[in-house]
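Inspection log for the structure reproduced underneath, given as structure tokens.
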Amino acid sequence: MAENVWILGISMTRFGKHKDKDTLDLGSEAAIGAMRDAGVGIGDIGVLAAGNLIGGNGFGQLLQKQIGQTGIPVYNVANACATGATALRVVVMAIKSGEVDTGMAVGVEKLSGAGLLTGNARQAEGGHWVRDGRYGAVAPLDGRVGTETMPGVFAQIGMEYAHKYGGADFELFARISEKNHAHSTLNPMAAHRKRFTLDEIMNDVMIAYPNTRPMCSANVDGAAAAVLVSETKLRTLSLEQQRRAVKISASVLTSDPWTDGCQVLPDINTLTRRAAATAYEQAGIGPADLDLVELHDCFATAELVHYDNLGLCEPGGAADFFNSGATWRDGSTPVNVSGGLQSKGHPVSATGIANVWEVATHLRGEAGDRQIEGARVGLAHVIGLGSACGVHVLERSAA
């Protein structure tokens, strides 16, 4: 049977605007922080998986020039907003294969000032549309059969869910955002820590109905990194290192299966449901066992549908689940205690590891004022359109 894999050290920079730092500065800060947290040095790391979308090829090798070049294999990872989670999974697989006993995953991005992510939508369209290229029949139809802009895609997904199951309206989506902004006030690592009233959220600039500006993820700068070890290696380390280690009970990555609809409108639901079901099976738990969840709330509408996709509620019951108060930090299933992407920020390649950092910090009992007391099991979820979904189930050490 393959080795269990543990998080030995994990770190993230504060998300926000870092005008005086580039991606290498931020990545190095997170990587060195993770090694320091783990109590290891670069000479202990057997493999590096580095995630970065904007910086071009070879980011991992450039990062090594800052943190130490030891000749280890480097995997440069790019998988949309799931890049960080994919880098983590690469290291998990390397350890489970027996190739190494210690590895590090890093995700970093500089996105402050980038505006809202637009996907592959055309910047401008003049005259009549003309089909061209392999995807000419489907790709450039923005505004004709839906949209490819991220705000629009997730607005449609939320409205589709509301139409199908009922119970969700503009105000409910705004209340989800209200919750996350309230949670952010307790998170010193969040880019934005302002609590918004419901009226402020609903009356802000409309981006794509029903998502107003505070209901959209914030594009910021940031990095996160994690040092992973095999269970055999962990047993050779100090009792304090073993006590703070966090078990990765499940590590899952999925992509879209074929459906008619996903050829035009991205299907964020099916691959998330499959990832969650596989993760619960791997970990030997169910949704009811989760003490907290960090999910990919790139927009308020996305959070609602992922309650259902992750099995946190009965099928079709996401609105009732939220209305029950379950997802607040004092509820039965706290969701996005960090403030989520709408407040914490979304430097896309860092997000997957940052969500894991949030859950791990609670399982260690080190989350300060926002600590979920007695947290033992948590789930981190991220999705990248293209499409990829990463789900990690984490458990507190019994040491």
Next item on the list: Quick one: in segment 162-185, of everything that is of a type outside the set (Asp, Glu) and part of a loop (DSSP other than H, G, I, E, B), which residue is nearest to PHE299 (Cα to Cα)?
Entry: ALA168
Next item on the list: Those residues that are more than 28 Å from ASN187 (Cα to Cα) and open to solvent by less than 40 Å² (accessible area, probe 1.4 Å), I need them from segment 252-267; list them, please.
Entry: THR254, PRO257, CYS262, PRO266, ASP267
Check: Could you list, in sequence order, the residues of segment 1-27 that are open to solvent by 10 Å² or more (accessible area, probe 1.4 Å) and assigned to a loop (DSSP other than H, G, I, E, B)?
Finding: MET1, ALA2, GLU3, ASN4, ARG14, LYS17, HIS18, LYS19, ASP20, LYS21, ASP22
Notebook entry, point to check: Any idea how many residues of segment 28-49 are touching a strand residue (DSSP E or B) at 6+ places or on another chain (Cβ under 9 Å) and part of a helix (DSSP H, G or I)?
Noted result: 13
Margin query: Here is a list: ALA208, ALA218, ALA225. Which entry is open to solvent by less than 10 Å² (accessible area, probe 1.4 Å) and either closer than 30 Å to GLY158 by Cβ or touching a strand residue (DSSP E or B) at 6+ places or on another chain (Cβ under 7 Å) (or both)?
Written below: ALA225
Margin query: Taking the conditions exactly as written (open to solvent by 70 Å² or more (accessible area, probe 1.4 Å), in contact with a Gly (Cβ under 8 Å, 6 or more places away or on another chain) and modelled with pLDDT of 95 or more), does GLU109 satisfy them or not?
Written below: no
Next item on the list: Please verify whether segment 30-38 includes one or more residues that are open to solvent by 20 Å² or more (accessible area, probe 1.4 Å) and in contact with a Gly (Cβ under 9 Å, 6 or more places away or on another chain).
Entry: yes
Next item on the list: Name, by its number, the condition in (1) in contact with a Leu (Cβ under 6 Å, 6 or more places away or on another chain); (2) free of Cβ contacts under 8 Å to residues at least 12 places away in the same chain that does not hold for GLU178.
Entry: (2)
Item checked: Qualifying residue in segment 88-106 (condition: polar (S, T, N, Q) and either at pLDDT 95 or above or touching a Phe, Trp or Tyr at 6+ places or on another chain (Cβ under 6 Å) (or both)) -> yes
Item checked: Output for segment 216-262, where each listed residue is of a type in the set (A, V, I, L, M, F, W, C), more than 16 Å from the chain's Cα centre (by Cα) and at pLDDT below 95 -> TRP258, CYS262
Margin query: Against the definition (closer than 25 Å to LEU253 by Cα, in contact (Cβ under 8 Å) with a residue 40 or more places away in the chain and in contact with a strand residue (DSSP E or B) (Cβ under 8 Å, 6 or more places away or on another chain)), how does VAL393 come out, yes or no?
Written below: yes
Notebook entry, point to check: Out of all the residues in segment 269-284, which are open to solvent by 10 Å² or more (accessible area, probe 1.4 Å) and part of a helix (DSSP H, G or I)?
Noted result: ASN269, THR270, ARG273, ARG274, ALA277, THR278, TYR280, GLU281, GLN282, ALA283
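The values are calculated or read from the model by the stated rules, or taken from the named source; none is laboratory data. Computed from a predicted structure; not experimentally measured. Glycine also receives a Cβ, built like all others from the backbone with ideal geometry; neighbour counts cover every protein chain displayed. For the accessible areas, the whole protein counts, side chains as well, though only heavy atoms, and no ligand, DNA or RNA atoms are used. Shrake-Rupley method; radii C 1.70, N 1.55, O 1.52, S 1.80 Å.
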